[in-house]
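Structure first, commentary second.
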Amino acid sequence: MDSNLIELTSEDGLKNLIEKNKGSVIILDFWATWAQPCSQMNEVFAELAGKNSSVNFVKIEAEKFPELSESFEIEAVPAFIVLKNGKIAERINGANAPELTNAVAKYAKVSTFVTGKPVATSEKKAVDLNTRLKELLNSSPVMAFIKGTPTQPRCGFSRKLIEIFNENQVKFSSFNILADEEVRQGLKEYSNWPTYPQVYINGELVGGLDIIKELVANGEFKGMIPKEKDLNERLKELTTKGNAMIFIKGSPEAPRCGFSK
């Protein structure tokens, strides 16, 4: 288990962690055993912890700490809170792995030296942003950059796009560009597309709402959507994911039965 991945056992534990890590970033994962999306997001959370040693990651079982959940205004799980200097800097609601990954990348400390030589700030920032954008574009077969979220779109164009996706039963991930001005402005330049929403398939720009509507009208859209992997293919990928792969109840840091433990 990563030393920066912590399973909360008491409210005082979080208070002490915040006190000891003033000026640092702490990311909270509010989850529940009965919520299926939490299982997948807990794996994503653990993977991000392993890749970002400068950030503390804290798992909090929401129903075990009702007062803490209430203090952070947790209305549904999974929910993720980014704390910076002990204050809420960002909130990610729902099983949105791309948005969580982006938030971690945004707040994680990045070394300012490469091979012993300092990198110019503007150059390093541009490289970091392009890396983040590439990761976001490829984080899901169908990726939509919208204003708001699928359940709470913040503009009519984004709302219509979500309706089209739902009508055509498209599985997609999304990123709320209102939550990150750097991504909002950077993606316009990166893809040379000045407006939102923007839709990407397999990391390639398709276009905005008008183009999606046109593709739907002429019957091309469904053919562009990547086909879902069948069960055998998914199982093969899972069983070959590591040199040793085990299927357990729970997770290594929190097994849910005696045999798995």
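Some values worked out for this structure:
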read-out: Accessible area of MET224 in the full protein assembly, 1.4 Å probe (Å², nearest 10); value: 70
read-out: Only Lys, Arg (+1) and Asp, Glu (-1) charged, at Cβ; the stretch 126-229 dipole about Cα centre in debye; value: 240
read-out: Separation of the TRP34 and THR9 label points, Cα + 7 Å toward Cβ, nm; value: 2.7
read-out: Portion, in percent, of the accessible area of the stretch 126-229 that falls on carbon or sulfur, probe 1.4 Å; value: 47
read-out: Charged-residue dipole, Cβ positions (Lys, Arg, Asp, Glu), the chain about Cα centre, Debye nearest 20; value: 480
read-out: Whole-Hz couplings from phi, Karplus 6.51/-1.76/1.60, listed for the stretch 13-24; x for Gly and Pro; value: x, 6, 4, 5, 5, 5, 5, 6, 10, 4, x, 9
read-out: Space enclosed by the convex hull of the alpha-carbon atoms of the chain, per residue, Å³; value: 163
read-out: Dipole of the chain, positive direction: furthest Cα of SER191, SER174, VAL142, with charges on the beta-carbon; value: SER191
read-out: For q = 0.21, 0.23 Å⁻¹, Debye-computed log10 I/I(0) when each Cα of the stretch 140-192 counts as one equal scatterer; value: -0.78, -0.90
read-out: Net dipole in debye of the stretch 5-109 [+1 Lys, Arg Cβ; -1 Asp, Glu Cβ; about Cα centre; nearest 20]; value: 600
read-out: Proximal aspartates and glutamates relative to LYS188, as straight alpha-carbon distance under 15 Å, when same-chain residues fewer than 8 apart are discounted; value: ASP180, GLU204
read-out: Residue-normalised accessible area of the stretch 32-92, expressed per residue, 1.4 Å probe, Å²; value: 53
read-out: Carbon/sulfur fraction of accessible area - the stretch 5-109, other protein chains in place, 1.4 Å, %; value: 46
read-out: Distance violations [Cα-Cα > 26 Å] among LYS59/LYS249; LYS106/LYS261; LYS106/LYS222; LYS59/LYS134; LYS22/LYS106; value: LYS106/LYS261; LYS106/LYS222; LYS59/LYS134
read-out: Stretchable slack from ASN243 to THR195, in nm (0.36 nm times residue separation minus alpha-carbon distance); value: 12.8 nm
read-out: For the stretch 5-109, alpha-carbon Rg relative to the globular expectation (2.2 N^0.38 Å, N residues); value: 0.96
read-out: Within the chain, longest stretch free of exposed chymotrypsin sites (Phe, Trp or Tyr not before Pro) [DSSP loop, at most 15 other beta carbons within 10 Å]; value: 35-246
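The values are calculated or read from the model by the stated rules, or taken from the named source; none is laboratory data. In this text, all values refer to a predicted model and were calculated from it rather than measured experimentally. Cβ coordinates were reconstructed from backbone atoms using ideal geometry, including for glycine residues, and neighbour counts include every protein chain displayed. The protein model used for the area step is the full one, side chains on, heavy atoms only, and it has no ligands, DNA or RNA in it. Shrake-Rupley method; radii C 1.70, N 1.55, O 1.52, S 1.80 Å.
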